[in-house]
Amino acid sequence: MKNNIVVLWSHPRSISTAFERMMMNRGDFKILHEPFAYVYYVLEKKGLPTGMIIDAEHPTQFEDIKNHILNCSPQQPVFLKDMAYHCYEYLVKDESFLKKLVNTFIIRDPAKSIPSYYFLDHNIIKDEIGYQQQYYLFEKIIELSGEIPVVIDADDLQSHPEAIIASYCKKINIKFIRSALQWRSSYNQQWDVWKIWHADVASSSKIYSGSINQYEENVTNNDRIRELYDYSLPFYQQMYQHRIVPD
């Protein structure tokens, strides 16, 4: 691994916190959970922070959060999970920072992620669905590096967790630790900031196959969900063609 800060850029309800839970279980990375949410929701107040429990001591400026991440990395490799939309405008202007990161991505079929989000927050806006900013950041990374970054699709991750995670580790040059794929159910204090959003992963003991929940309101019967799905689908499809394919 050329750089020792691995970032998983996600969109909401993408199984990304389950992936983060697996990375916690490895024990060899310092885990940072969505620190840039403070830029979007606290500093700039661009959306309603439904369920967010704000830590008054947490930095809110992009530069301060970035410096905290960089200062952590000499002591221990860092794994950071965050939403691209939280700080997209800052990221694309800070090429030096992006080049210091191992940028990876996780995506999920918007027919599954958007109903899951809508169930918890009916006030979602296009920004918060996050596919557009995630795709544009993906394109920016290709422009900077000349290489296609690693992309995981959530369906593949759930269906073939060992194969997908082994491939992910190989592609970013970190050790694959099979024992990290199962863990004791527990709640991590870092999730306090978005406590209501992480109930499923807190009760989990592995990355489960298939969807845990089915939602009455979905793309077939809710106009708002359908509108957000139609908007998001082209960005998802563009990234999907670059995903890790299970053997």
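Some notes on this structure:
- Residues of segment 21-40 that are touching a helix residue (DSSP H, G or I) at 6+ places or on another chain (Cβ under 8 Å) and either in a helix (DSSP H, G or I) or closer than 21 Å to residue 116 by Cα (or both): 21, 22, 23, 25, 26, 33, 34, 37, 38, 39, 40.
- Taken over segment 215-225, the criterion of being assigned to a helix (DSSP H, G or I) and either within 16 Å of residue 132 (Cα to Cα) or of a type in the set (A, V, I, L, M) (or both) is satisfied by 225 alone.
- Single residue of segment 38-61 satisfying the filter (among the hydrophobic types (A, V, I, L, M, F, W, C) and open to solvent by 10 Å² or more (accessible area, probe 1.4 Å)) that is farthest from residue 138 (Cα to Cα): 56
- Qualifying residue in segment 133-153 (condition: touching a Ser or Thr at 6+ places or on another chain (Cβ under 7 Å), closer than 17 Å to residue 168 by Cα and surrounded by 18 or more Cβ atoms within 10 Å (Cβ to Cβ)): yes
- A search for C-beta distances below 7 Å between a residue of segment 1-26 that is of a type in the set (Ser, Thr, Tyr) and any residue that is part of a loop (DSSP other than H, G, I, E, B) and modelled with pLDDT of 90 or more, counting only pairs 6+ apart in sequence or on different chains, returns 14/108.
- Selection of segment 10-38 for residues being modelled with pLDDT of 95 or more, closer than 18 Å to residue 158 by Cα and out of contact with any Lys or Arg (no Cβ under 8 Å at 6 or more places or on another chain) yields an empty set.
- From the options 244, 225, 177, 207, residue that is at pLDDT 75 or above, surrounded by 13 or more Cβ atoms within 10 Å (Cβ to Cβ), among the β-branched types (Val, Ile, Thr) and in contact with a Ser or Thr (Cβ under 6 Å, 6 or more places away or on another chain): 244
- The helices (runs of 4 or more DSSP H) falling completely within segment 58-162 that include 2 or more residues that are in contact (Cβ under 8 Å) with a residue 60 or more places away in the chain and either small (Gly, Ala, Ser) or more than 26 Å from residue 246 (Cα to Cα) (or both) map to 62-72, 110-120, 126-129, 154-159.
- Failed item in (1) at pLDDT below 85; (2) surrounded by 21 or more Cβ atoms within 10 Å (Cβ to Cβ); (3) not basic (Lys, Arg), with residue 190 passing the rest: (2)
The values are calculated or read from the model by the stated rules, or taken from the named source; none is laboratory data. Every value quoted in this text rests on a predicted model; they were computed, and no experiment measured them. Quick reminder, even Gly has a Cβ in these numbers, built from the backbone with ideal geometry, and neighbours come from all protein chains shown. In case anyone asks, the SASA skips ligands and DNA or RNA and just uses the protein heavy atoms, side chains included. Shrake-Rupley method; radii C 1.70, N 1.55, O 1.52, S 1.80 Å.
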